[in-house]
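Data block below; observations after.
The values are calculated or read from the model by the stated rules, or taken from the named source; none is laboratory data. The structure displayed is predicted, hence computed values, not measured ones. Don't worry about glycine lacking a Cβ; one is built from the backbone with ideal geometry, like all the others, and counts go over all protein chains shown.
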Amino acid sequence: MTTETVHQTISGNGIGQNGSSSRLNARIPAGPIESKWDTHKFNMKLVAPHNRRRFEIIIIGTGLAGAAAAATLGEAGYNVKTFCYQDSPRRAHSIAAQGGINAAKNYRNDGDSVMRLFYDTIKGGDYRSREGNVYRLAQESVNIIDQCVAQGVPFAREYGGLLDNRSFGGAQVSRTFYARGQTGQQLLLGAYQALARQIALGTVQSYPRHELLDVIVHEGRAVGVVVRNMITGEIASHTAHAVVLATGGYGNVFYLSTNAKGCNVTAIWRAHKRGAFMANPCFTQIHPTCIPASDEFQSKLTLMSESLRNDGRIWVPLDPTDSRSPDRIPEPERDYYLERIYPAFGNLVPRDVASRAAKRMVDGGRGVGPLKNGVYLDFSDATARLGRNVIEERYGNLFEMYERITGENPYYTPMRIYPASHYTMGGLWVDYNLMSTVPGLFVAGEANFSDHGANRLGASALMQGLADGYFVLPYTLADFLAGNLGQKVVPVDHPAVKKVEAEARDRTKQLLSINGTKSPEWYHRALGKIVWDYCGMGRDAQGLQKALSEIPALREDFYRDLRVLGDGDEMNQSLEKAGRVADFIEFAELMCRDALQREESCGGHFRTEHQTEDNEAKRDDDNYAFVAAWEWQGQGKTQTLHKEVLDFEYVHPTQRSYK
Amino acid sequence: MRVHLKIWRQKNARTEGAFAEYDLDNVSHEMSFLEMLDVLNEQLISGGQEPVAFDSDCREGICGMCGVMINGEAHGPQRGTATCQLHMRKFSDGAHITVEPWRSRSFPVNKDLSVDRSALDRIIEAGGYITAPTGSAPEANLIPVPKEVSDAAFDAAACIGCGACVAACPNGAANLFTAAKIAHLNLLPQGQPERWSRVVRMVETMEDHFGSCTNYGECQAACPKEISIDYIAYMNRDFVKAQLKNRRLIAQRG
Ligand SMILES: Cc1cc2nc3c(=O)[nH]c(=O)nc-3n(C[C@H](O)[C@H](O)[C@H](O)COP(=O)(O)OP(=O)(O)OC[C@H]3O[C@@H](n4cnc5c(N)ncnc54)[C@H](O)[C@@H]3O)c2cc1C
Ligand code: FES
C-alpha cells in the first residue's frame, strides 16, 4: 500500500489545492496483506532484556489499551509509569462496555476467518480505514481471546465447557465473545490485575487521581508530561523516553453521551496543540439503543446493549398522532421500519444505519414516549417464541437496569430507545506503529483514529484497545526505543520542561481567576447543544457554518464569565471540569470544520446534502477516500489539513448495502 | 418534589468536617440521586458557595467510583443498586436525606463525600491475578471450564470494588471484597497453580489494612452487586487449606 499525502490549506469554507507534502508517512509495510505484520515484526529492532530497564515509559490512561500496554511492558522489563484520573486504574471507562469483543476464531464453524473480520471491518467502516492496520487487528483478535482466558476472564461458556459466541450488528457470523452484559468490566479487570502484579513487582508505578495537563515536546520529540495531582492540586512533570496516550474517546463533546462523566479530550487536544495531527475528528458514532433523555437535568445517557437487537423488534406507530399505549396498537398499525427497509439485516443493520432511521422516525413526528423522543424496542414476540426464561437469561440484567432508570418493566412494556453519542472513531493520527506525528508520542485505543474508519462495528473497540496494548505497542515501542539506547531522559528541572509546567499553572490560575457567573457544567451543556444540533446525526453546510460561528462566541464567553470556586491547591472538581470543557470547546470547532470539509456522507458522518434516494450515506470515493489529518497552527489560526490517501487493494469499495 | 439535605462537608483529610443543611425544591422523580447532587452543586455555585465534592464516573453502576452513605445505608435504600443508579422516585416528597462519605478507618476522607480507597488496590496487588505474561497463553478452548464453575466464578468477579462492604461493616472489614476476588480466581482451572499462595498473601494484606470480620453480614446487604457472603466461607476454607498445603510444600523442599 502506498500512502501519498497531499497538503492543503483551508481558505474560506472551501479547500484550495496546495501541492503535496510528505508530513504524513503511514509506514505501512510492503508486501501481501497476510504477511505485512509478520514481516514488520521481523524487521523491527528489539531491545535486549538487560537493556529494557534503562528505558522510562509514561502511559496516560489505564483502560484496556493503557493497562494492557503497561502490564506487558512492565513484564518485559521496562520502567513504566501509569496515570489515570480515577482513584484506581480498575475504573477506566472500558469497564462500562457491555456487549462483547470480536475475534476471528471461527468456533461456530460459520465461515468466519481473519479475512472475513478484516473485510467486515473495512466495509463497516465505510471504506475510510487503512487496510494494513485493519488486517493486523483481525489477526491479533484471536490472540486476545487466548490471553484473556489465561488471565481468568470468565467469558460465557457452553454446557460442554467451551466458549460461547453471539452475533452483533454488521456481521453475518457469530464471532462475539462476551461475559454476560459486563464484557468490558471483565476484560479490564484482567488487564488491571496483570497491571497490579507489575505494580507489586515495582516495574510499574501507578499514579491514580492524576490528570494530564500537557505534553512536553522538546527538540521535536515527546519527552514527558505535566500532570496535576487531583487530591493535593500539585502540578508536576514526569519525563521519559516515550509517552503513550491511551486516554479514550471524546464522545462527551456532545455533553450527553454514554461515556463516563470524566471522559475528556484534554490529553489528545493538548498533544495536538504540541504538534500531533488530529485525524477525522468528525467521525463520531451515535449508538442506536440508548435510553432517551427524560428531563433537562439528565447528566448522561445509558446504553442498552446492542445485543438486544438480536431479539427485540424496533417499531413506531404508523400514525404520528397515535397516543395509545403500545400494547393497544394492533399489529397492522405498527411500522417495523428496519425490517421493512432492510429485509436482509432487519433489526441488525449497522449502528449508523439504525440510528439515522430512528432519527427519521422521530423527526417525522412518529417518536414515542412522553417527550416523543424515542422508538420502541419490543420483546413480546421473542418472549412468546422463546419463553420468558430464555429472555431473562439473555437480557435479565439489562432489563433490570432499564427498569431502575425508567421505572418501566420491559417484560410488559416495550423499551423506549433513541440514539446517543457513544464512540469516537476520530482521534490523533498515528502511523502503522501507532506513533503520532510527534516522534516518541504513541497513541493507543479509542484515542487514536486508526482502525474503524467512519463507523465502528459493535464489539470491535475492546478488540482494538487490547490489540494495541498487548500485541502492537510492545513491538513498535521497542523498535522506537532501540534507536535511543544510551540517551538520557530530559531532567524534570530542564527549562523546556519548566516552561510547559509554568504554562499549565498559568492556565489553571486563569480558570480560577475569571470570577464570572456561569459554572463549567453550564458551558458544557451549551456546547453539547450546539454540537448535537449541527454536528450530530445529520450535518449540513449551513448548520456547520452556524456552529463555527457559535462555538468561538461560546469560548469567548467562557473566558469572560466562567465561575470556578475554591482553590487550585486542593481537590477541586469544578476546576477539573473547567479545564476539560475549555478543551472540548476548542476541539468542537475543529470537529465541525472537519465535518464541513468532508463533502460526502460516510459511516457516522452524514451530510444531508449527500444521500442516496433512499436516504443512505453517499460516499465520494474519488474525492474523499482520505484520512483528514489536521495540523495545529497556533491559537486563533485555522488548522492546516493534510490528507493521507487511502488505497484499497483487497476490498473494493462499493456502496454499502444491508438490504 | 422537595428534599431537605444534610451533607457532610470536610475540606480535606487533615481538617475536621461537619454537616451542612440544604433545601432543594426543583427535584424531579426521574432524576438520579447524583443528578440531584448535580443540581444542588449548580445552585451552590450560583450562590457563591463551593460545590460538594463527590466521586462518580460511569453513572451506570459498573465502575465502582461512586458511593456514599444515604441515611446511614451504604448506597442508599435500594438493594443491589449503586448510588449512581438510585433514582429520586425512591424518596418521598419532603424527604430528609443525610449524606455522608464511606466511614472507615481504612478510607480517609479526601474532601466532603470523596474518600481514598487505595487500600483495596493493595489487596489485589498482593495476589489478585493469574500470572499469564502476554503472549504465553495457550489456545483458549484448550481449557474447558464447566459452565457451573464459570458462572460461579463470574458471580464473584462481578464485584465493582466500590468499598460499600467495608463502609457497611461495623468492623470495617474488607472480607467480602477480598473473598470475591479469591473465589473468582481460585474457582477457575487457570487459577489453580497460584491458588494457595494467592489466598495467603491476599488475606494477610487485607488484615494489614482492614478490620476483622465477625460475621455481621452487613456487607452482603450493602453490596450493589449482591455478592454472596458464602464466598467469605470459601475464602476461609481455602485459607485454612493453604496453611496445610504450603507447609507440605515447605516440607517437601526441606
Ligand atoms: C456504554 C459503553 C458500552 C460499550 N460497549 C462496547 C462493547 O460491547 N464492545 C466494544 O468493543 N466496545 C464497547 N464500547 C467502546 C469501548 O468500551 C471503548 O472504546 C474502549 O473501552 C476504550 O478503551 P481505551 O483503553 O481506549 O480508553 P478508556 O477505557 O476510556 O480509558 C481511558 C483512560 O485514560 C485516562 N484518562 C483520560 N483522560 C485523562 C487525562 N486527561 N489525564 C489522565 N488520565 C486520563 C482514564 O483515567 C482512563 O484510565 C462501549 C462504550 C461505552 C461507552
Ligand atoms: S459511578 Fe460508576 S458505579 Fe456509580
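Filter segment B:182-207 down to residues that are over 22 Å from B:D151 (Cα atoms) and within 14 Å of another protein chain (Cβ to nearest Cβ) and give me whichever is surrounded by the most Cβ atoms within 10 Å (Cβ to Cβ). Give the derivation first.
Just the residues of segment B:182-207 that are over 22 Å from B:D151 (Cα atoms), to begin with: B:197, B:200-207.
From what is left, the residues that are within 14 Å of another protein chain (Cβ to nearest Cβ) are B:197, B:201-202, B:204-205.
Working: B:S197: 14, B:R201: 18, B:M202: 25, B:E204: 13, B:T205: 21.
Looking at the filtered set, the residue picked out is B:M202.
Counting only strands (runs of 3 or more DSSP E) that sit wholly inside segment B:16-130, those with at least 1 residues that are of a type in the set (S, T, N, Q) are B:95-100, B:109-111. Just one of the numbered conditions (1) more than 16 Å from ligand 2 (Cβ to nearest atom); (2) under 30 Å from A:V225 (Cα atoms); (3) surrounded by 24 or more Cβ atoms within 10 Å (Cβ to Cβ) is not true of A:K273: (3). Counting only helices (runs of 4 or more DSSP H) that sit wholly inside segment A:437-556, those with at least 1 residues that are charged (D, E, K, R), at pLDDT 95 or above and within 16 Å of ligand 1 (Cβ to nearest atom) are A:495-513. The residues listed here are A:L73, A:L137; of these, the one that is more than 10 Å from chain B (Cβ to nearest Cβ) and part of a helix (DSSP H, G or I) is A:L137.
Listed residues A:I145, A:I122; which is at pLDDT 95 or above, away from ligand 1 (no atom under 11 Å from the Cβ) and within 10 Å of chain B (Cβ to nearest Cβ)? Write out each step before concluding.
On the way: A:I122 fails: within 10 Å of chain B (Cβ to nearest Cβ).
Of the residues listed, the single one that is at pLDDT 95 or above, away from ligand 1 (no atom under 11 Å from the Cβ) and within 10 Å of chain B (Cβ to nearest Cβ) is A:I145.
Considering segment B:12-32, and only residues there that are more than 11 Å from chain A (Cβ to nearest Cβ) and touching a Phe, Trp or Tyr at 6+ places or on another chain (Cβ under 9 Å), the residue that is nearest to A:P520 (Cα to Cα) turns out to be B:A20. Among the numbered criteria (1) within 16 Å of ligand 1 (Cβ to nearest atom); (2) within 25 Å of the chain's Cα centre (by Cα); (3) under 18 Å from A:R309 (Cα atoms), which one does A:G374 miss? Only one criterion is unmet by A:G374, namely (1).
Just for segment B:97-122: of the residues that are of a type in the set (A, V, I, L, M, F, W, C) and more than 9 Å from chain A (Cβ to nearest Cβ), which one is surrounded by the fewest Cβ atoms within 10 Å (Cβ to Cβ)?
So the first thing to find is which residues in segment B:97-122 are of a type in the set (A, V, I, L, M, F, W, C), and the list is B:97, B:99, B:102, B:107, B:109, B:113, B:115, B:119-120.
Cutting the leftovers down to more than 9 Å from chain A (Cβ to nearest Cβ) gives us B:97, B:99, B:102, B:107, B:109, B:113, B:119.
Numbers: B:I97: 17, B:V99: 24, B:W102: 24, B:F107: 22, B:V109: 22, B:L113: 25, B:A119: 21.
Per the stated criteria, the residue is B:I97.
Suppose we filter segment A:634-648 for residues that are in contact with an Asp or Glu (Cβ under 8 Å, 6 or more places away or on another chain) and among the polar types (S, T, N, Q); how many remain? So the answer is 2.
In the set A:Q86, A:Q147, which member is in contact with a Gly (Cβ under 9 Å, 6 or more places away or on another chain), closer than 30 Å to B:L187 by Cα and in a helix (DSSP H, G or I)? Explain how you work it out, then say what you get.
Numbers: A:Q86 fails: in a helix (DSSP H, G or I).
Going through A:Q86, A:Q147 in turn, the sole match is A:Q147.
For segment A:88-119, taking the residues that are among the hydrophobic types (A, V, I, L, M, F, W, C) and away from every other protein chain (no Cβ under 13 Å), the one that is surrounded by the fewest Cβ atoms within 10 Å (Cβ to Cβ) is identified as A:M115.
Residues in segment A:157-195 that are small (G, A, S) and either part of a helix (DSSP H, G or I) or more than 8 Å from chain B (Cβ to nearest Cβ) (or both): A:S167, A:G169, A:G170, A:A171, A:S174, A:G181, A:G184, A:G190, A:A191, A:A194. Residues in segment A:257-281 that are over 12 Å from A:G427 (Cβ atoms) and away from ligand 1 (no atom under 12 Å from the Cβ): A:K273, A:R274, A:G275. Residues that are acidic (D, E) and in contact with an Asp or Glu (Cβ under 7 Å, 6 or more places away or on another chain) occur in segment A:198-211; there is at least one. For segment B:61-76, filtered to residues that are surrounded by fewer than 21 Cβ atoms within 10 Å (Cβ to Cβ) and within 16 Å of ligand 2 (Cβ to nearest atom), the residue that is farthest from the chain's Cα centre (by Cα) is B:I70. Against the criterion of being out of contact with any Asp or Glu (no Cβ under 8 Å at 6 or more places or on another chain), closer than 28 Å to B:E226 by Cα and of a type in the set (A, V, I, L, M, F, W, C), B:L37 qualifies.
Listed here are the residues, each with its yes/no results for (1) more than 17 Å from the chain's Cα centre (by Cα); (2) outside any loop (DSSP other than H, G, I, E, B); (3) over 19 Å from A:A194 (Cβ atoms).
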| site | (1), (2), (3) |
| --- | --- |
| B:Q192 | yes, yes, no |
| B:R201 | yes, yes, no |
| B:Y216 | no, no, yes |
| B:P224 | no, no, yes |
| B:Y231 | no, yes, yes |
| B:V240 | yes, yes, yes |
| B:Q243 | yes, yes, yes |
| B:R248 | yes, yes, yes |
| B:Q252 | yes, yes, yes |
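The conditions of being within 14 Å of another protein chain (Cβ to nearest Cβ) and either more than 14 Å from A:F254 (Cα to Cα) or in contact (Cβ under 8 Å) with a residue 24 or more places away in the chain (or both) are met by A:P520.
Candidates A:D112, A:D120: the one that is over 18 Å from the mean Cα position of the chain (by Cα), away from ligand 2 (no atom under 16 Å from the Cβ), assigned to a helix (DSSP H, G or I) and more than 30 Å from B:L120 (Cβ to Cβ) is A:D120.
From the list A:T612, A:T654, A:T640, A:T608, the lone residue that is in contact with a Gly (Cβ under 8 Å, 6 or more places away or on another chain) and surrounded by fewer than 21 Cβ atoms within 10 Å (Cβ to Cβ) is A:T608.
Does any residue of segment A:295-308 turn out to be within 16 Å of ligand 2 (Cβ to nearest atom) and hydrophobic (A, V, I, L, M, F, W, C)?
We begin by selecting, within segment A:295-308, every residue within 16 Å of ligand 2 (Cβ to nearest atom); these are A:298-303.
Now drop any that are not hydrophobic (A, V, I, L, M, F, W, C), which leaves A:301, A:303.
The answer is yes, given that some residue of segment A:295-308 is within 16 Å of ligand 2 (Cβ to nearest atom) and hydrophobic (A, V, I, L, M, F, W, C).
Going by the structure shown, is B:M65 within 16 Å of ligand 1 (Cβ to nearest atom), touching a helix residue (DSSP H, G or I) at 6+ places or on another chain (Cβ under 8 Å) and at pLDDT 95 or above? Yes: the conditions hold for B:M65. Does segment A:78-87 include one or more residues that are away from ligand 1 (no atom under 16 Å from the Cβ) and either within 14 Å of chain B (Cβ to nearest Cβ) or within 25 Å of the chain's Cα centre (by Cα) (or both)? There is at least one residue in segment A:78-87 that is away from ligand 1 (no atom under 16 Å from the Cβ) and either within 14 Å of chain B (Cβ to nearest Cβ) or within 25 Å of the chain's Cα centre (by Cα) (or both). Looking only at segment A:282-316, which residues are over 15 Å from A:A357 (Cβ atoms) and more than 16 Å from ligand 1 (Cβ to nearest atom)? A:C282, A:S294, A:D295, A:E296, A:F297, A:D311 - these are the residues of segment A:282-316 that are over 15 Å from A:A357 (Cβ atoms) and more than 16 Å from ligand 1 (Cβ to nearest atom). Consider segment B:127-142 and keep the residues that are in contact (Cβ under 8 Å) with a residue 24 or more places away in the chain, at the interface with chain A (Cβ under 7 Å from one of its Cβ atoms) and touching a helix residue (DSSP H, G or I) at 6+ places or on another chain (Cβ under 6 Å). The one that is nearest to A:V472 (Cα to Cα) is B:A132.
Across segment A:210-250, the qualifying residues are those that are among the charged types (D, E, K, R) and either part of a strand (DSSP E or B) or surrounded by 22 or more Cβ atoms within 10 Å (Cβ to Cβ) (or both), and the one among them that is farthest from ligand 1 (Cβ to nearest atom) is A:R221. Of everything listed in (1) away from chain B (no Cβ under 14 Å); (2) in a helix (DSSP H, G or I); (3) within 16 Å of ligand 1 (Cβ to nearest atom), the single unmet condition for A:I405 is (1).
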